[in-house]
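Have a look at the structure below, then the notes.
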């Protein structure tokens, strides 16, 4: 028995901001001189990102008098973690609900009553009672819906959410699992003037994605779907200090060194071989890829290490360009684009996402 992704819905906050406008905000925020502003501009120009989304409109403005969240011209007092998580509590739920409703759009009106399990994924905020209970209320799910929360796992969290849903649906043919990932990464802008912060602030964005997972033998959906074939998880101990996610006094603090892409390039080929052996699959059977677009350098590292043509990651590049890196939700945006394109029927897809550890989460899907 297999489980499958029958539908995907995505959503973003209303503030769609051009990457060049965010650059001007950052150059002002860091107080950069002409030389360092040019260095920062180089990072933004080569990011592969054209637009990002945020619940905070400030990033669109180079004039500090227009700020609403970072209200002071010199950004003091800088918003503390409590203030940032209060905004998460206020804003995350509506984006998550929109994503879920978009996921439900192709089903009959009573689909909400058929959901048996809810898995929520987020690493950018938390509270209790949390997003899971709010989703049950706002979507009109049954109050006995079983809930699982996956928190603080970073960009690979959604694959763990799908893995949990897969286990549930394989065990119970009648289970209908709603997986919802919501990330408000831009809440955690840090102004300490380091290269790590320059890079992190150039990439991250806000968004949510919802997925319906069910047993393939008992599907409610009747359109294109992904069967979930295999999962794989491994972490690279020697790269443990290259990426981190910590709770600080002024929000969550990202550690993201320039060595992340190099470590992925170094290890991904051998790791892929171990994954294929576990899945009893040959590389020649894989015809498409869904790699988490954590950044342009990460996509390029995977392509070089696995000797893939750039077009193999075309959906990931599209998501990176249009949305930026929305942490765990991003890989679901890539799958959404693949599902809507509909041109990969009967093809096996290999997917990877990366996060602190340095952890690599992989899965193999097949489109039908």
**Fill in**
If one compares the long axis through the Cα atoms of helix 260-279 with the longest principal axis of the Cα atoms of the chain, the angle in degrees, nearest 10, works out at 10 degrees
**Peptide ranges 299-306, 149-156 listed from the most packed, as the mean C-beta count within 10 angstrom indicates** = 149-156, 299-306
**Prompt:** Using a basic spin-label model with each label point 7 Å from the Cα along Cα→Cβ, how many nm lie between residue 314 and residue 246?
**Reply:** 4.3 nm
**Complete:** Expressed in µm² per second, the diffusion coefficient of the stretch 226-367 from the Stokes-Einstein equation, with Rh the Kirkwood radius over alpha carbon pairs, at 10 °C and 1.306 mPa s, is 103 µm²/s
**Item:** Computed FRET value (nearest 0.05) for residue 127 with residue 2, which takes r as the C-beta separation and R₀ as 30 Å
**Value:** 0.25
**Item:** Crossing angle, helix 314-323 versus the chain [Cα axis fit, 0-90 degrees, rounded to tens]
**Value:** 50 degrees
**Crossing angle, helix 34-45 versus the chain [Cα axis fit, 0-90 degrees, rounded to tens]** = 10 degrees
**Request:** For the chain, report the translational diffusion coefficient in µm²/s to the nearest whole number, using Stokes-Einstein at 20 °C, 1.002 mPa s, and a Kirkwood Rh over Cα pairs.
**Result:** 103 µm²/s
**Message:** Please rank 146, 214, fewest neighbouring Cβ atoms within 10 Å first, as an exposure proxy.
**Reply:** 146, 214
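Sorting check: for 350-360, 170-180, 279-289, which peptide has the highest mean count of neighbouring beta carbons within 10 Å, and how do the rest follow?
350-360, 170-180, 279-289
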**Fill in**
Rounded to the nearest 5, the percent of antiparallel DSSP beta bridges in the chain equals 70 percent
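Would you mind getting me the FRET efficiency between residue 50 and residue 78? Use the beta-carbon distance for r and R0 = 35 Å, nearest 0.05. Display every interim value, and only then the final one.
Numbers: r = 28 Å, r/R0 = 0.81.
Using R0 = 35 Å, I get an efficiency of 0.80.
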**Prompt:** Given labels modelled 7 Å from the Cα in the Cβ direction, how far is it in nm from residue 281 to residue 151?
**Reply:** 3.3 nm
**Complete:** Note: the stretch 239-283, point scatterers on Cα, Debye, no solvent; log10 I/I(0) at q = 0.30, 0.31, 0.34 Å⁻¹ equals -0.97, -1.00, -1.08
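Estimate the FRET efficiency between residue 142 and residue 89 by the formula 1/(1 + (r/R0)^6), using the beta-carbon distance for r and 22 Å for R0, to the nearest 0.05.
The pair residue 142/residue 89 has a calculated efficiency of 0.40.
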**Message:** At 0.36 nm per residue, and after removing the present C-alpha to C-alpha distance, how many nm does the segment from residue 304 to residue 66 gain when stretched out fully?
**Reply:** 81.3 nm
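All of the numbers you see were taken from the coordinates with simple rules; none came from a lab. Predicted, not measured: the structure shown is a model, and the values here were computed from it. Cβ: placed from backbone, ideal geometry, glycine included. Neighbour counts: every protein chain shown.
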